[in-house]
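Worksheet for the structure shown next.
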Amino acid sequence: MPPFQLQPEQVKAEVPRILELGQAFFAGQCLNAVVRMGVADAMGDSTLSVAELAARLEGKPHEEMLFRCMRLLALHGVFVESAGPGGEFLFALTPMGALLQTKAPMQPSMACGMLHWNEKCMWDAWATVPDLAAGKIEAPTPFQAANSMPIFEYYANHPKSAKQFNEFMTFFSGGELPVVLEFLPWATLTGKKVVDIGGNLGTVMGAVKAKFPEVEAISFDLPEVIATVAEPPPGVELVPGDMFKSESIPQADAIIMKHILHDWSDENSIKILGSCAAALADNGKIFLIECVLPDAGQMTELKGSQVHLDALMMVIGGKERTAAQWSNLATAASLRIAETIATPMPAAQIVVLTK
């Protein structure tokens, strides 16, 4: 096979781009460090030297290493770097960096997501991808190769990791609420029982109940997830159970699953859909809120976020799917796609299934 021979001007243009891609993880791990140390909360709206910052942090931070992490992150827009009166380095949060705070009133925090993506169990999982992709080792998923158990079993045994994951999922649920509230046909669900499978802390159904009080709103999740909810959203019934066991799912006129099946293999997704179908009224509908990956040659920058998400799902054992793949899953579960509702959010398209 002859090589792809570059012209000199192509080499000059592409070397910086491949270097930038290859070193992308440098910033990720520096970000992980400052989030774990609580740097954003310690800084608040202050402009500080690293020595001043270190005095606000717990323990005895390695000031030089912290400085070098922060300087790199300043290049990526997390901090603003400036010079003090004596030429000393000073740092302040940018609006991006402010999202790493965990105590800012009425403001979302992305700290949980950075901790989830970069914690050791995930980092170790990514490290197995080269050998798994090359066929040098065998394992059901990269996560299992690194951690000896599936991700949700891991979370059941590691509450701190589970807490970060659940908080991150709640954050995304909040951002996608407009899709749920504006694009699902709520007018047809008046007086109907709607069950959110994998509803986490009940955020989605809480918003539904507030806007559509005539809907009977149920949020369904694992017992250990439900147990973390101090008080359910007003009007929402929280039901513990196992979505693989149809008898534990409440009978429903409509079922919502938002970013649930992308966590699972085709085999397990078919089992979940089968359980849902068994709990669904004969004329009921299942609303899948998921990515619909672009077909071959149809990639756009907007849809690129879907492909990034698919890579993450590859690591933990799930997958995003094309329209054809969603259709195949539905058929295998004795369901069919009635329609696909397009929304402005690439990762939150609506695939409607019926019996």
**Prompt:** In the list PHE244, PHE143, PHE168, which residue meets the criterion of being in contact with a Gly (Cβ under 8 Å, 6 or more places away or on another chain) and modelled with pLDDT of 95 or more?
**Reply:** PHE143
**Request:** State whether the residues of region 63-83 include one that is in contact with an Asp or Glu (Cβ under 8 Å, 6 or more places away or on another chain) and exposed (fewer than 14 other Cβ atoms within 10 Å of the Cβ).
**Result:** no
**Tabulated pairs, region 270-294, first among the acidic types (Asp, Glu), second assigned to a strand (DSSP E or B), C-beta under 7 angstrom, 6+ apart or interchain** = GLU290/GLN349; GLU290/VAL351
**Fill in**
The number of residues in region 11-60 that are more than 30 Å from the chain's Cα centre (by Cα) and closer than 21 Å to SER82 by Cα is 11
**Request:** For ALA162, indicate whether it is at pLDDT below 95, surrounded by 18 or more Cβ atoms within 10 Å (Cβ to Cβ) and either among the basic types (Lys, Arg) or assigned to a helix (DSSP H, G or I) (or both).
**Result:** yes
**Request:** Scan region 81-98 for residues that are aliphatic (A, V, I, L, M) and either touching a residue at least 24 places away in the same chain (Cβ under 8 Å) or touching a Leu at 6+ places or on another chain (Cβ under 6 Å) (or both) and jot them down.
**Result:** LEU90, ALA92, LEU93, ALA98
**Prompt:** So which helices (runs of 4 or more DSSP H) stay within region 170-238 end to end and still have 2 or more residues that are in contact with a helix residue (DSSP H, G or I) (Cβ under 6 Å, 6 or more places away or on another chain)?
**Reply:** 177-183, 203-211
**Fill in**
In region 303-313, residues that are surrounded by 15 or more Cβ atoms within 10 Å (Cβ to Cβ) and not aliphatic (A, V, I, L, M) total 3
**Request:** Check every one of the helices (runs of 4 or more DSSP H) wholly within region 8-114 and list those with 1 or more residues that are farther than 27 Å from GLY174 by Cα and in contact with a helix residue (DSSP H, G or I) (Cβ under 8 Å, 6 or more places away or on another chain).
**Result:** 24-37, 50-56, 63-75
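One line per residue, one yes/no per condition, for (1) acidic (Asp, Glu); (2) crowded, with 17+ Cβ neighbours inside 10 Å:
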residue	(1), (2)
ALA98	no, yes
LYS120	no, no
ALA125	no, yes
PRO130	no, no
ALA133	no, no
ILE137	no, no
TYR154	no, yes
GLU176	yes, yes
GLY191	no, no
**Message:** Checking the conditions here, which among ILE341, ILE316, ILE337 is hydrophobic (A, V, I, L, M, F, W, C) and either loosely packed, with under 14 Cβ neighbours inside 10 Å or free of Cβ contacts under 8 Å to residues at least 24 places away in the same chain (or both)?
**Reply:** ILE337
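Rundown of residues vs (1) of a type in the set (A, V, I, L, M, F, W, C); (2) within 16 Å of ALA33 (Cβ to Cβ); (3) touching a strand residue (DSSP E or B) at 6+ places or on another chain (Cβ under 8 Å), yes/no style:
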{"position": "GLU52", "(1), (2), (3)": "no, no, no"}
{"position": "GLU58", "(1), (2), (3)": "no, yes, no"}
{"position": "LEU72", "(1), (2), (3)": "yes, yes, no"}
{"position": "GLY77", "(1), (2), (3)": "no, no, no"}
{"position": "GLY86", "(1), (2), (3)": "no, no, no"}
{"position": "MET96", "(1), (2), (3)": "yes, no, no"}
{"position": "GLN107", "(1), (2), (3)": "no, no, no"}
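The values are calculated or read from the model by the stated rules, or taken from the named source; none is laboratory data. These numbers come from a predicted model, not from an experiment. All Cβ positions, glycine included, derive from the backbone under ideal geometry; neighbour counts span all protein chains shown.
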